[in-house]
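First comes the structure, then the notes that go with it.
The values are calculated or read from the model by the stated rules, or taken from the named source; none is laboratory data. Every value quoted in this text rests on a predicted model; they were computed, and no experiment measured them. Here Cβ is always computed from backbone atoms with ideal geometry, including for glycine, and neighbour counts include all displayed protein chains.
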Amino acid sequence: MTATALLVALALVAAATAGAGPQAPSAQVASPPPPSSTQAAPAYGLPAPGEDFRLSLDEAVKRALENNADIAVSRYDPEVSEQNVVGAKGSYDPYLFATLNHNSTDTKGTNVFAGGTTVNTKTDVWNFGVGQYLPTGATFSLAFNNNRQDTNNQFTLYNPVYTSTIQFRLTQPLLKNFGTDYTRYQLKLAKKNREMSDVQFRQAILNTVAGVKGYYYDLIYAFDNLEAARANLGLAKKLLDENEIRVKVGTMAPLDVVTAQSEVASRAVDVITAENALAQAQDNLKEAIFPQNDPAMWSIRIMPIDRPGADPVPVNIEAAVRNALENRTDIVNARKSIENYNLTVTYYKNQFLPQLDLVASYGGSGAGGTQLVRDGLGGPVISTVPGGYGDALGEAFGFDFPSWAIGANISYSIPNRTAKAQAASARLSRDQALASLRRLELQVAAEVRTAGRAVDSGFKTVESTKAARVLADQSLDAEQKKFEAGMSTNYLVTQKQRDLALARVNELVAISNYHKSLVNFQRTQEAGLSTAGTVTLLSAASSSAQGAQALRSAAAAAATQ
């Protein structure tokens, strides 16, 4: 009697649980209370509290592209890569340099030609220039140097004296660092990494879209699964009511009522499990399409308004494989990675060459100041000829006293083991990347073929489970009529109900998996798999607690007969 009372209590709980109607779960995960009238209206275009958020598949994808947190994070990567390119180009920015100096020096005269007992020389220096690293690997500089010297030396002919020079200088590598050098190598790498970052961002978008579609189909399945669970509970309760009437009129043993009560309790558990699965499906989709944590977002209920039919879709696996091998993001990035390795090989191969630099310069100099006319060598100043800084500038910029030079600098490390090792390591890394690409192409082709076959088998499974569900429905109806005519047993009717329950779950699982297999087939041709793009197929025996419970209930009932 204790077991019977417990089963009856469970049945009453199940009946109370199922009384909310077939359109919405009667129990969900606790959500924050609705905002009061004084709170701000919900953001992101959400409905008012208590209203359903009707959402189409296209709208879900659009919201994910605008709001998804993974995309928001990934969106920064291309911008960071672009700044890396800008930073690498900064090596070619011209730079200014200058030297400003003033000094005074006293020198003791130690011979007759020292210019005095104590010679004081004051010097002012102001040098300016500009330099730039050129894209050819050359270094160019323009220097403008000036100084002013004031002294009491008895032999000086100008005091103060100004000197100015202007010089152009160019150093161009001819072997090592010609064609490529570290700066150009880093710039090319930065540009290639920017391209790879763009591809990775596209991959994040494609995977997010695939994930959102999968969550949307999961939500559709969760609603349908809950409705099926409640319908199955309704059948069990109907049988229980009929059995209780038969017991009262004496046409059935009380033990058959206990069996029906046990079935009602099992179906009630299925409803609770389906409600929890629906709440989880709601949260998964919300997390994918909303930008941040918001109580208003968690409190709403999303209602999917698209109900795509399970129509056959032609699949060309060979064309899909070709498309994936040409355009898929991980393949594209693998090829770009090999291009990076090629750049590295080229750079280190160049670094193995001798350092041979062409050096050339051209310039002019000038001098000016007050000329001193002395009475003999080292004699007193008898007159002066005015002059100054302008004379020095005129001679320097007029190239009145030009100077030029051309030559070469050469150096080479023997036996240059560092460069040899770096070049060999770069070649090995490139060969490894090529091998990895071949492996990836094989994996991608296999993945696309598997996904294509999943579409074909998925549609066939939909057709088969649909036929099985129709037959299970007909079989239950026939068994129910035989039971009413006294030609069947309570156990057989219960068994047919369980068969119909499992058939309904199998059909819903097959439809959901078929739609998700289409999403996955498209994803395999466009993007490499990441966590955001994972499309998980359902399993009636493992992922569906309702189906598993139906199997366990059938086995338990069979064991008691």
| query | Looking at 205, 289, which is the one that is buried (at least 23 other Cβ atoms within 10 Å of the Cβ) and within 28 Å of residue 45 (Cβ to Cβ)? | reply | 289
| said: Looking at 82, 66, can you tell me which residue is surrounded by 12 or more Cβ atoms within 10 Å (Cβ to Cβ) and within 12 Å of residue 212 (Cβ to Cβ)? | reply: 66
| request: Go through (1) buried (at least 16 other Cβ atoms within 10 Å of the Cβ); (2) under 25 Å from residue 229 (Cα atoms); (3) touching a residue at least 40 places away in the same chain (Cβ under 8 Å) and name the single condition residue 306 misses. | output: (1)
| From 186, 154, which residue is more than 30 Å from residue 61 (Cα to Cα), surrounded by 15 or more Cβ atoms within 10 Å (Cβ to Cβ) and out of contact with any helix residue (DSSP H, G or I) (no Cβ under 9 Å at 6 or more places or on another chain)? | 154
| note | The condition of being in contact with a strand residue (DSSP E or B) (Cβ under 6 Å, 6 or more places away or on another chain) and in a helix (DSSP H, G or I) holds, among 233, 219, 240, only for 219
| query | Which residues, taken from region 105-135, are among the hydroxyl-bearing types (Ser, Thr, Tyr) and surrounded by 14 or more Cβ atoms within 10 Å (Cβ to Cβ)? | reply | 107, 121, 123, 133
| said: Of all residues being within 24 Å of residue 262 (Cα to Cα) and of a type in the set (Phe, Trp, Tyr) in region 454-502, which is surrounded by the most Cβ atoms within 10 Å (Cβ to Cβ)? Just the residue, please. | reply: 483
| query | Within region 489-498, is even one residue in the same structural domain as residue 233 (by TED's automatic domain parsing) and not in a helix (DSSP H, G or I)? | reply | yes
